[in-house]
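Only one structure is covered here, and it is reproduced in the block below.
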């Protein structure tokens, strides 16, 4: 009998968009994905072209996605070149 405890089941409920196309044929995508029959979550990860394989990724529930959008909505989308002094202090504990 096959042991299915470590088997991961997923269903892409909604394909929102491709964030980046890699030369390998894989794409970094934003989707709503149901993992192991659970309610869908926003999901960012690399997928093979046929969606049969995936990389590790990031899942966000609805509130986390709203927070992310809120944090970035009015922010200039240019990455800072210098570390934030406040962040350095927090890390040095």
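The values are calculated or read from the model by the stated rules, or taken from the named source; none is laboratory data. Quick caveat: nothing in here was measured; it's all calculated off a predicted structure. FYI the Cβ positions are ideal-geometry reconstructions off the backbone, even for glycines, and counts take in every protein chain you see.
Yes or no, residue by residue, for (1) farther than 25 Å from residue 7 by Cβ; (2) loosely packed, with under 10 Cβ neighbours inside 10 Å; (3) touching a strand residue (DSSP E or B) at 6+ places or on another chain (Cβ under 9 Å); (4) at pLDDT below 95:
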| position | (1), (2), (3), (4) |
| --- | --- |
| 26 | no, no, yes, no |
| 37 | no, yes, yes, no |
| 46 | no, no, yes, no |
| 65 | yes, no, yes, no |
| 73 | yes, yes, no, yes |
| 81 | yes, yes, no, yes |
| 90 | yes, yes, no, yes |
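Within the stretch 71-87, the residues that satisfy the criterion of being in a helix (DSSP H, G or I) and either within 22 Å of residue 29 (Cβ to Cβ) or in contact with a helix residue (DSSP H, G or I) (Cβ under 9 Å, 6 or more places away or on another chain) (or both) are 71, 72, 73.
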